[in-house]
1. Using θ = phi - 60° and the Karplus curve 6.51 cos²θ - 1.76 cosθ + 1.60, what whole-Hz ³J(HN,Hα) does each residue of region 645-658 get, with Gly and Pro shown as x?
2. Take the alpha-carbon centre of region 84-126, take the same for region 502-552, and report the distance between them in whole Å.
3. On a full-extension model of 0.36 nm per residue, what is the gain between Ala572 and Asp133, subtracting their alpha-carbon distance, rounded to one decimal in nm?
4. Could you pull out every residue, at least 5 positions away or on a different chain, whose amide H is within less than 5 Å of the one on Thr433? Hs are placed 1.01 Å off N in the peptide plane, and Pro or chain starts have none.
5. Return P(r) of region 529-599 (all Cα-Cα pairs; 10 Å bins starting at 0; whole %; ordered from short to long distances).
6. Multiply the residue gap between Ile164 and Arg216 by 0.36 nm, knock off their C-alpha separation, and tell me the result in nm, one decimal place.
7. Show me, for region 468-484, the HN-Hα J-couplings you get by feeding each phi into the Karplus relation (A = 6.51, B = -1.76, C = 1.60, θ = phi - 60°), rounded to Hz, glycine and proline as x.
8. Using just the alpha carbons, could you tell me how many Å³ per residue the convex hull of the chain encloses?
Amino acid sequence: MSNRRQGITARAFALGAVMSLVVGAGVAYADNVIRGSWMAIDFGSPVALFLLFVIAVGLNPLLGALKGSWQLSTSEVALVYIMTLVAASIPSMGLTGFFLPYLSGAQYYASPENGWVGLFIGHVPDWFVPHDDQAIKSFYEGNPKELGGKIAWTAWMPALLAWIPFLVSLYLVMIAIMVILRRQWIDHERLVYPLMQPPLAMIEQEPGRPFPAIFRSWIFWIGVAIPFSVGAINALHAYYEFIPRIELSGSLSIFRRTTSLRPTLSFSIIGLTYFLSRDVALGIWVFNLLAKTQEGVFNILGVTSNERMEWVTVPILAHQAIGAMTVFVLMGLWMGRRHLATVARLAWSGGEQKPTSTTDGSSAASPGSTDEAQEIFTYRTAVLLLVGGTAFMWWWLWKSGMPFWAVGILLFVAFIIFIGLTRMVTEGGFFITRAPMNPGNFMISGFGVESMGVAGVTSLGYTFVWAGEMRIFVMAACANALKVAECIRGSRRPLLWAMLTAILISAVSSVWVELSLCYQHGGINLSSFYTGLVHYPFNFISRHVTNGTPVNWAGWLWTAYGGGLMALLMVAKQRFVWWPIHPMSLPVSSMWMTDTIVLSVFISWMIKGVILKFGGPALYRKGRPLFIGLVVGQFVAMGFWVVVDYLTGMTDNVVYSL
């Protein structure tokens, strides 16, 4: 294969753009019409792995059979997957799923009973949201039949254009932070990146062979067959009720029925946990059980909080978690201080260390070098994007009504959460998790309504568009993409434009499809984004403005306690070789998502322990294809049945929810 096929090529870029379009338009349609398994709602991004499987098992071998030079190289497949992965962070909860309903929900659901018009809608800037009452009504209830899916662009375009600069700045800052931290995480700390182990196995192409090496492993196909078969049985139950459904989840009440465990069997979690270090996996289930114990004991003793927070069930534990998250991130940055100092030095001097050449034509860093040329742009560019993007977001949020001082704290908390969750994804393999407390709730609890003002609280509510549940976002996708980028030979500088192209195509196509579907069918007849989740930011605003929520000083104490506990655990992990538990999962240990993965994590942790004890590293390596197959089989089953349901007209057929 010629060297020109070894790096980033135009045909790979074009295929990646097509896949980004499939992801953006396809996920928007699937979420709202098919409503089957969620393909892009969490960090795992099943849609990206499903499309990679289609390329590896179908498209690429076909190209090679037609003409050998047509077959995509490892670098090309890696680029296509990177673009697909980044695109998957946009069309569902990453942006579009919240964006459109949150920009229009207050206007549609306002009524004399809730009093939103007099309470806060007057404090929403004119440029911030659409205002055409008829256009908004048609968006939620559907156009008259003769208009079909015709979109009221004149009503939406000013608001969409107003949000674009902020979102572009946000995504550029996220990418810049990951460029700055990439070498520290990948080369110095050698994080595992568990979510990328299955795609990396399918990306690697062998010259002269049509399929990746992993496909020649019979135990890989056993791993694929197990979740695919279970998924097929559960999917067919929706078509034929006489076929029994295999239940994979349950509930067990504990502590006098004041709380409950949620044992759930997830093949993908079992597969991904196999690649975690033993201390990380141990920490996930141990800290979750400790959190459930704390919750149960508090419930029995009557230790409660009167706070109400969106996406939070136990506010006290949420305060602990945000304190732990803050210390986790700051101590992590402190441990990487030498690398950050090097980044600052290179950014200031503008120097770029040239990589050394290897025999295969790729570039490599000399031992101990910074090798800035391996990044997708220079550290100076990264720092400028970080500073400039942050400054613009600060100004934009201030113009939206938030106090100037509050914007800085909000952005600090938001990026603490973004970086913390991204670290958990790259080191802990969390493909399903979210913020323990979003920045808006933190600001109200920590500083009260009086200091924010009505306009400030209103602006905080609209931050739920980009910092609400935080189950999937560009930063985590970019971090994983930069790991996959190691497969690309030659210069990686075009990757920035590939990522931005994927984001643009996914955003435009998903917004277009969702607007069209809503105007054709009515948003309230589609997904829960338009009937349930749409109320979250406006209930948040109205509740706090009505009640004049004061500062919660007890919340600050619980936050300090969580931060102190995390600091002790991290010091113990660093200082004592024998310390068996990694504290990384502490900030998310109390949320229901962690409840649902604990059983699968425990099973995989036990299996890996037995394998290492009796078979050693050799048996562990032999078992890798089986566990990769479990992940691939579940994600492929999800995508396969979404396609089948589209073709047959079936809806609400959720094959796997986890």
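The values are calculated or read from the model by the stated rules, or taken from the named source; none is laboratory data. Model, not experiment: these values are computed from the prediction. Reconstructed Cβ throughout: ideal geometry from the backbone, glycine too, with neighbour counts over all protein chains shown. Heavy atoms of the whole protein, side chains included, go into the accessibility calculation; ligands, DNA and RNA do not. Shrake-Rupley method; radii C 1.70, N 1.55, O 1.52, S 1.80 Å.
1. Coupling constants for region 645-658: 5, 5, 5, 9, x, 5, 10, 6, 9, 7, 6, 9, 9, 9 Hz.
2. Answer, in whole Å: 4.
3. My answer for the length gained is 152.2 nm.
4. Result for Thr433 returns Phe43.
5. 15, 24, 33, 19, 9, 1
6. Between Ile164 and Arg216, full extension yields 14.1 nm more.
7. x, 7, 6, 8, 7, 7, 5, 4, 5, 4, 5, 4, 5, 4, 5, 5, 5
8. Expressed per residue, the convex hull around the Cα atoms of the chain is 173 Å³.
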